[in-house]
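*Asks:* Sharing a structure here in structure tokens format.
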Amino acid sequence: MAKLEELKEKLTYKNKNGWLKGEDYKKQVFDFAENYKDFIGRCKTERETVKFIKEVFEKKKRDGDFFVVNRGKSIALIRIGNDDGMKLVASHIDTPRIDLKQNPLFEDTELALFHTHYYGGIKKYQWFNIPLAIHGVIVKSNGEIIEVVIGEEESDPVFVLPDLLPHLSHKLVDDKKVKEAFEAEKMKLIVGSIPIDEEEKETVKLNVLKILNEKYGIIEEDFISAELTLVPAFKAKDVGFDRSLIAAYGHDDRICAFCSLEAFFDAKENSKTAVALMIDKEEIGSDGNTAAKSRFLLDVVVEILKRKGIEPSFENIGEFLKKSEVLSADVNGAVNPMFKEVHEKDNASYINHGVVLTKFTGHGGKYMANDAHAEFVGKIRKIFNDAGVNWQIGELGKVDEGGGGTIAKYLAAWNMDVIDCGPALISMHSPYEIASKTDLYETYRAYKAFFESR
């Protein structure tokens, strides 16, 4: 029996629960989680995230560190090394949400309402009748930019997408498929109900415009050049009697952005250039000039080569990228005990079992996916094992069950070796996602080990 156990220990693959590392480890995990909760509670849009990262950079930067920002929505932190190529950890900082339409304000049944348009892959029913805050910017015709955050302070009002009461929902909601029952055009936000005058029409709308004009100096036309977003007004909170989990809006994918930010500054100097890239628009296909499909990464590489005294020619850029390695820092879906049937247990990822290596994403026959080469997977395994990182493999559900994508394939298109790497979440893309504190910490340790590796 002893020999059998020895053989199993030697030959079989297994992964351990991260909390079994002792009390000193638990303290490190909990301390790290407190800093993360502050970050995730403050950064609810990509603009706010970039602003936060710039503030941290100014406090922690070393000589020679610099950053490149793209339109206030994407950012790259850079530390130049002597060798060719870079160690790139790339996350996305946009999240599923509800945006306001460009002409949002109207009145119906003596209520002032906003038209909305959802952003990214959401379950629409999850967003009804929860407290929502408005974040974003309004650009006036004279070019003045007004930053807006309403609903986060205790004294602030919140906003609500009203649902239909169960007494009257049988035909319109209950008897329909979920996708059909919750129509996007019925996601109207209540923003006011006090009229200015009972004789005139639409004076509730007018009263809202009056309030906004007094507070921000805006008129209705200014909404056309605004980017205003509805996000949950929830605070990041510990979950469970043991406080082992964190519930928050935006774990996907700002949990990876935070871990790469901390790892970038904590990592030891390396001969390879270190880059922490945080990008926009992943949740809607990575299109647009602040997304992974844009020229932003190319601009970053050109700037690196210039500072290294290398001509940023087509050949030199290509050679630099070819010698680069990338962790596509994105989350996976953890097994939810209530819905285990959508996973294949031997290749699923589990809460508390460490950072997840995802060799491929996509759907069906690996369509629309980066599929990391075995040589690169082997190298990353060794890096993590040598550093004592708790890691696991995972794929996003059973074959043909569904699937999803990341920015990995767009980075791989530059001829770099890329693999997805991030923590597993429960209730991904919901307004209140759940992450493990030990997985958060192991993700940071994984990115740090990667930055430090040769």
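The values are calculated or read from the model by the stated rules, or taken from the named source; none is laboratory data. This one's a predicted model, so the numbers in the text were calculated from it and none came from an experiment. Cβ placement follows ideal geometry from the backbone for every residue including glycine, while neighbour counts extend to all protein chains displayed.
*Asks:* Specify which of the listed residues (Ala76, Ala112, Ala90) is aliphatic (A, V, I, L, M), crowded, with 23+ Cβ neighbours inside 10 Å and touching a Gly at 6+ places or on another chain (Cβ under 7 Å).
*Replies:* The conditions single out Ala112.
*Asks:* Lys87 is checked against (1) out of contact with any Pro (no Cβ under 9 Å at 6 or more places or on another chain); (2) under 21 Å from Trp127 (Cβ atoms); (3) not acidic (Asp, Glu) and fails just one. What number does that condition carry?
*Replies:* Going through the list (1) out of contact with any Pro (no Cβ under 9 Å at 6 or more places or on another chain); (2) under 21 Å from Trp127 (Cβ atoms); (3) not acidic (Asp, Glu), Lys87 breaks only (2).
*Asks:* So if I check each of Gly364, Gly333, which one is touching a residue at least 24 places away in the same chain (Cβ under 8 Å) and loosely packed, with under 15 Cβ neighbours inside 10 Å?
*Replies:* So the residue among Gly364, Gly333 that is touching a residue at least 24 places away in the same chain (Cβ under 8 Å) and loosely packed, with under 15 Cβ neighbours inside 10 Å is Gly364.
Per-residue answers, yes or no, for (1) surrounded by fewer than 22 Cβ atoms within 10 Å (Cβ to Cβ); (2) more than 24 Å from Gly120 (Cα to Cα); (3) at pLDDT 95 or above; (4) not charged (D, E, K, R):
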site: Asp386; (1), (2), (3), (4): yes, yes, yes, no
site: Trp391; (1), (2), (3), (4): no, yes, yes, yes
site: Ala424; (1), (2), (3), (4): no, no, yes, yes
site: Ser436; (1), (2), (3), (4): no, no, yes, yes
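*Asks:* Kindly list, by first and then second residue, each pair from a residue in the stretch 41-64 that is free of Cβ contacts under 8 Å to residues at least 60 places away in the same chain to a residue that is part of a helix (DSSP H, G or I) and hydrophobic (A, V, I, L, M, F, W, C), limited to pairs with Cβ atoms under 7 Å and residues at least 6 apart or on different chains.
*Replies:* Here the result reads Arg42/Phe52; Phe52/Phe39, each pair linking the stretch 41-64 to a residue that is part of a helix (DSSP H, G or I) and hydrophobic (A, V, I, L, M, F, W, C).
*Asks:* Filter the stretch 141-155 for residues that are on the phi < 0 side of the Ramachandran plot and touching a strand residue (DSSP E or B) at 6+ places or on another chain (Cβ under 7 Å) and give the result.
*Replies:* Within the stretch 141-155, Ile145, Ile146, Glu147, Val148, Val149, Ile150, Glu152 qualify.
*Asks:* Now for a different question. Name the pairs: first residue in the stretch 336-354 and in the same structural domain as Arg445 (by TED's automatic domain parsing) and in contact (Cβ under 8 Å) with a residue 24 or more places away in the chain, second residue of a type in the set (S, T, N, Q) and not in a loop (DSSP other than H, G, I, E, B), Cβ to Cβ under 6 Å, at least 6 apart or on different chains?
*Replies:* Taking only residues 6 or more apart or on different chains, the pairs are Ser349/Asn332; Ser349/Gln392; Ile351/Ser436; Asn352/Ser436; Asn352/Thr438; His353/Gln392; Gly354/Gln392.
*Asks:* Which of the residues belonging to the stretch 64-83 are in contact with a helix residue (DSSP H, G or I) (Cβ under 8 Å, 6 or more places away or on another chain) and over 15 Å from Thr273 (Cα atoms)?
*Replies:* Val69, Asn70, Gly72, Lys73, Ser74, Ile75
*Asks:* Further, regarding this structure: Looking at (1) part of a loop (DSSP other than H, G, I, E, B); (2) buried (at least 17 other Cβ atoms within 10 Å of the Cβ); (3) among the β-branched types (Val, Ile, Thr), can you tell me which one Ile194 breaks?
*Replies:* The number of the failed condition is (2).
*Asks:* Quick one: is Phe241 at pLDDT 95 or above and not assigned by TED's automatic domain parsing to the domain that holds Gly397?
*Replies:* Answer is yes for this residue.
*Asks:* Kindly indicate whether Ala412 is within 15 Å of Asn332 (Cβ to Cβ), assigned by TED's automatic domain parsing to the domain that holds Lys345, buried (at least 19 other Cβ atoms within 10 Å of the Cβ) and of a type in the set (A, V, I, L, M).
*Replies:* When the stated conditions are applied, Ala412 does not pass them.
*Asks:* Another question, if that's okay. Identify, please: which residue in the stretch 301-322 is in a helix (DSSP H, G or I) and in contact with a Leu (Cβ under 9 Å, 6 or more places away or on another chain) and is, among those, nearest to Val418 (Cα to Cα)?
*Replies:* Looking at residues that are in a helix (DSSP H, G or I) and in contact with a Leu (Cβ under 9 Å, 6 or more places away or on another chain), I get Leu321.
*Asks:* On to the next question. Which one of Asp253, Asp287 is within 27 Å of Phe52 (Cα to Cα) and without any contact (Cβ under 8 Å) to a residue 60 or more places away in the chain?
*Replies:* Criteria check complete, one pass: Asp287.
*Asks:* Follow-up question, since we're still on this one. Condition check: over 17 Å from Tyr410 (Cβ atoms), buried (at least 18 other Cβ atoms within 10 Å of the Cβ), of a type outside the set (D, E, K, R) and in contact with a helix residue (DSSP H, G or I) (Cβ under 9 Å, 6 or more places away or on another chain). Does Val326 satisfy that?
*Replies:* Considered against the rule, which asks whether it is over 17 Å from Tyr410 (Cβ atoms), buried (at least 18 other Cβ atoms within 10 Å of the Cβ), of a type outside the set (D, E, K, R) and in contact with a helix residue (DSSP H, G or I) (Cβ under 9 Å, 6 or more places away or on another chain), Val326 comes out as no.
*Asks:* State all residues of the stretch 358-373 that are of a type outside the set (D, E, K, R), closer than 20 Å to Ala413 by Cβ and not in a strand (DSSP E or B); if no residue qualifies, say none.
*Replies:* Thr361, Gly365, Met368, Ala369, Asn370, Ala372, His373 - these are the residues of the stretch 358-373 that are of a type outside the set (D, E, K, R), closer than 20 Å to Ala413 by Cβ and not in a strand (DSSP E or B).
*Asks:* Output the residue which, of all residues in the stretch 236-250 that are of a type in the set (A, V, I, L, M, F, W, C) and in contact (Cβ under 8 Å) with a residue 12 or more places away in the chain, is surrounded by the fewest Cβ atoms within 10 Å (Cβ to Cβ).
*Replies:* If we take residues in the stretch 236-250 being of a type in the set (A, V, I, L, M, F, W, C) and in contact (Cβ under 8 Å) with a residue 12 or more places away in the chain, then Val239 is surrounded by the fewest Cβ atoms within 10 Å (Cβ to Cβ).
*Asks:* When you look at Lys171, is it without any contact (Cβ under 8 Å) to a residue 24 or more places away in the chain and either more than 26 Å from Arg97 (Cβ to Cβ) or touching a Phe, Trp or Tyr at 6+ places or on another chain (Cβ under 7 Å) (or both), yes or no?
*Replies:* Yes.
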